[in-house]
1. When only residues in the stretch 89-119 that are within 20 Å of Gln48 (Cα to Cα) and of a type in the set (Val, Ile, Thr) count, which is modelled with the lowest pLDDT?
2. Would you pick out the residues in the stretch 111-136 that are of a type in the set (Val, Ile, Thr) and under 18 Å from Thr38 (Cβ atoms)?
3. Taking the condition over 16 Å from Lys165 (Cα atoms) and under 12 Å from the mean Cα position of the chain (by Cα), does Asp111 pass?
4. Tell me the residue from Leu122, Leu162, Leu128 that is over 26 Å from Phe23 (Cα atoms), at pLDDT 95 or above and touching a strand residue (DSSP E or B) at 6+ places or on another chain (Cβ under 8 Å), please.
5. If you take the residues in the stretch 129-177 that are in a helix (DSSP H, G or I) and within 14 Å of the chain's Cα centre (by Cα), which one is surrounded by the fewest Cβ atoms within 10 Å (Cβ to Cβ)?
Amino acid sequence: MIEGDRLEIGCGYGHTTVFLNKFLESSNALKPYYCIDTFCGFTIKDMQYEESYRDNSPNRYKEKFIINKKKWVDFTIRSNGLTNVKTFEADINSFNFEQNNIKKLSFCLLDVDLYLPMKAALEKVYPLMETGGIIIVDDCMPHEYFDGALQAYNEFIEKHNLPKKIVHERIGVIEKL
């Protein structure tokens, strides 16, 4: 098994968090698992960037994912008996992994949709990945609202000379070499 904890950025309501950890639990492969989310939707800065530089109206994003609270996600996680999961209410653009004692990762699921937070997540997470670790980038597909993930993924793999691997027409995969 690859050393390092697990991370999910953009955990929404915690359903994927529960699913993944229950699967890992059944495989006797539980490790510390961290979730980072704003729990209030997209930031104004990220929406303004979409409008100014990516030709997307911020009105498309204002109402997305805003009805959520960290305590609700924590309740979902605890109600499912998971004790290895810790949530952080934060914007990935400014989140400091070192200050939060997150040092080595073996797996990361990125589901932040927009360009700036995806770009920041990739640049911050990749150096923490152990060799053989996997980053999964959700929404790597052309889409009228959420194509920022694809743009950030493509730029990142090109910058770091990594192989492009998109599976199931929407999931970007990056393996730490």
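The values are calculated or read from the model by the stated rules, or taken from the named source; none is laboratory data. Please read all numbers here as calculations on a predicted model, not as lab measurements. Because the Cβ atoms are built from the backbone with ideal geometry, glycine has one as well, and the counts that use them run over all protein chains shown.
1. Among residues in the stretch 89-119 that are within 20 Å of Gln48 (Cα to Cα) and of a type in the set (Val, Ile, Thr), the one modelled with the lowest pLDDT is Val112.
2. First pass over the stretch 111-136, keeping only residues of a type in the set (Val, Ile, Thr): 112, 125, 131, 134-136.
Selection gives Val112, Val125.
3. yes
4. Exactly one residue qualifies, and that residue is Leu162.
5. Among those that are in a helix (DSSP H, G or I) and within 14 Å of the chain's Cα centre (by Cα), it is Leu150.
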